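The structure under discussion appears below in the form of structure tokens.
The values are calculated or read from the model by the stated rules, or taken from the named source; none is laboratory data. On a predicted model such as this, the values are computed, not experimentally measured, just so you know. Here Cβ is always computed from backbone atoms with ideal geometry, including for glycine, and neighbour counts include all displayed protein chains.
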């Protein structure tokens, strides 16, 4: 083994997406390609087929590594073994696996040797590359021995090889063992890492001759960058899978991930990490991201790094001039919040938002008897489109009278099909009738019907998330607030404290509404025009919980 001047632990989940990586998703099919050589029996082969969407959710590194091997490899003459408690060894194993097109399995962890033996047998492996502990654990990047080095016993190559042989025999006595020192992992000039070529050549010389591997193509692995995924991700890459880092587990979250998904349009997508949720969750997120459509502020999530500043309860303009005036007014409402964020170094994107009254509560029953007047979709469309074109969010305000909220929301499906168009519900405008026993007090279940409708609509149309604002003037506005839907992946529900007046009155109403409410709820607050300035923001306690929506009266 060569002496080491640099030690570098590979963090396989910290990935920078590059054009070359995405290019690997540009052609072919899910089953891999490779030159056939019938005269040789030993050949690594990826699985023939993989599900269009797959999620590997284990939080245990050894279990996750085993699942990855089972998911991506049909057979492999060589496997790479590393200690489940040695991150440095796992980094070296990952780097070696990429070159050898071999799965990585972890020993000494949650998977018993008998479980590893079954996987080795399934793969048809004949040789194991065992990554042994770094023999110079106290040598820094400059090659200098650090304090305490003398107290660390140095094992000889023979000792390490004997330990490696024992670990392999515990799994399968027929398996040949080849050792690789974890210290063979060295830093590269671009900040990455690789196995020292001389060490890798020594390993290759001891391996059996194999045919060219058959690898997967057009398969994308999304990783949420949680600890313990190094081995599993390396196995995926060794099988030909292309990695994409998606912090938080949602490919809709950022502009970069949305555009990467849209460009790749992989035939299969695998989520590695528990944040990707269920297969159904990830399927919906992937299909939406692949459209490439984004919301103002980037990505497809309304709640990710954004703040919505709302011009409230605006009558739908009747002329182009009035439409332009509305758009300008909404932009001016948002400007002070942009300035405050800039001064404070807050990277939250301020999104100007127009709230258009599309159904208006009436004192007369009208022909349909619901005490509400509904505007035609085409009467509303010019104002909606103008706001969207100006980079603004739109809320369609519903004042239903005696109609249910969901019945009126459904009327505007054509407008809701536009990304960036959400809904606001005026609870004070809901009159008694049906499930509503008292004017302005609406059961959470009726609001949840709107959430359910919008969620189904978003999934059916593969749209970005929808914003649903619930205007509540008192804590009694939503009866059984704890039952209000808060967990839907497609719809973000915001309860707005719909109280104007003095700062004291608004703060009192805010405290009364938010006290004891479900922690998962998102909130909206009312400010007065001209009230927010950088100077005042610097001397005012931040509102808690932080509002996602600010309505400026």
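Scan the stretch 311-340 for residues that are free of Cβ contacts under 8 Å to residues at least 12 places away in the same chain and either closer than 22 Å to residue 548 by Cβ or in a loop (DSSP other than H, G, I, E, B) (or both) and the total you get is 4. It is to be established whether one or more residues within the stretch 531-546 are within 28 Å of residue 250 (Cα to Cα), touching a strand residue (DSSP E or B) at 6+ places or on another chain (Cβ under 8 Å) and modelled with pLDDT of 95 or more. No: zero hits. Selection of the stretch 402-420 for residues being surrounded by 19 or more Cβ atoms within 10 Å (Cβ to Cβ) and part of a helix (DSSP H, G or I) yields 405, 406, 408, 409, 412, 415, 416. Condition check for residue 37 on (1) in a loop (DSSP other than H, G, I, E, B); (2) at pLDDT 70 or above: one failure, at (2).
Tell me, which strands (runs of 3 or more DSSP E) lie completely within the stretch 437-553 with 3 or more residues that are in the same structural domain as residue 408 (by TED's automatic domain parsing) and under 23 Å from the mean Cα position of the chain (by Cα)?
Values: elements: 466-472, 491-497, 522-527, 549-552.
Output list reads 466-472, 491-497.
With the structure loaded, tell me whether residue 460 is within 28 Å of residue 284 (Cβ to Cβ) and free of Cβ contacts under 8 Å to residues at least 12 places away in the same chain or whether it fails that test. I'd like the intermediate steps shown before the answer.
Values: within 28 Å of residue 284 (Cβ to Cβ): yes; free of Cβ contacts under 8 Å to residues at least 12 places away in the same chain: yes.
Criteria met by residue 460.
Scanning the stretch 359-418 for residues that are on the phi > 0 side of the Ramachandran plot and touching a helix residue (DSSP H, G or I) at 6+ places or on another chain (Cβ under 8 Å) returns a single hit, 401.
Within the stretch 207-244, being in a loop (DSSP other than H, G, I, E, B) and within 21 Å of the chain's Cα centre (by Cα) holds for 218, 224, 225, 226, 227, 228, 229, 241.
Within the span defined as the stretch 488-497, every residue fails to be within 29 Å of residue 300 (Cα to Cα) and surrounded by fewer than 16 Cβ atoms within 10 Å (Cβ to Cβ).
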